[in-house]
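The values are calculated or read from the model by the stated rules, or taken from the named source; none is laboratory data. Values in this document were obtained by computation on a predicted structure and should not be read as measured data. Every residue, glycine among them, receives a Cβ derived from its backbone with ideal geometry; neighbour counts consider all protein chains shown. For accessibility, only protein heavy atoms count, side chains too; no ligands or nucleic acids. Shrake-Rupley method; radii C 1.70, N 1.55, O 1.52, S 1.80 Å.
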Amino acid sequence: MTGGERMRRVDAAMRHVVGDAVAQDLKDPRVGFVTVTDVKTSPDLRHARVYVSVLGTSEEREASLEGLRSAHGWLQSRVAGELHLKNTPELHFVLDDTAERAFRLEALLADEEAQG
């Protein structure tokens with residue numbers, strides 16, 4: 001197995017574990033409707049950027065990120081317990097606004113088409 005293939009498998013496993021924990025077990029009331037969209041783990045397994053999509057206003061998105069950041073220790077222990085990696089990556093949560101950008105782009109295209 002190549003290093004790149006291994007990292008893709010680690011990223012997918014991390015996305016699965018963190019996504020399940022956030023969706024089913026995280027009880028922080030600040031965390032709204034959150035979807036883990038991607039995980040990028042550093043090759044030394046010391047850090048992982050967890051990309052999340054959050055529905056709601058900008059205030060609700062920021063509150064969800066704060067809740068996730070405060071729960072990172074608990075989430076890291078979940079990762080450690082389920083994945084048994086040499087190092088458990090420190091989780092860094094990043095807002096993934098891809099869906100929001102796509103929605104805005106579709107609205108712009110629809111406006112352009114309506115005016116055209």
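Couple of notes before you dig in:
- Taking the numbered list (1) within 16 Å of R9 (Cα to Cα); (2) without any contact (Cβ under 8 Å) to a residue 12 or more places away in the chain; (3) not polar (S, T, N, Q) in turn, R49 passes all entries but (2).
- Screening the range 28-50 for residues that are in a loop (DSSP other than H, G, I, E, B) and among the hydrophobic types (A, V, I, L, M, F, W, C) and picking the one that is most open to solvent (accessible area, probe 1.4 Å) gives F33.
- Every test in (1) modelled with pLDDT of 95 or more; (2) of a type in the set (G, A, S); (3) surrounded by 15 or more Cβ atoms within 10 Å (Cβ to Cβ) is passed by S53 save one, and that test is (1).
- Restricting attention to the range 56-111, the residues being open to solvent by less than 70 Å² (accessible area, probe 1.4 Å), among the aliphatic types (A, V, I, L, M) and more than 12 Å from V18 (Cα to Cα) number 9.
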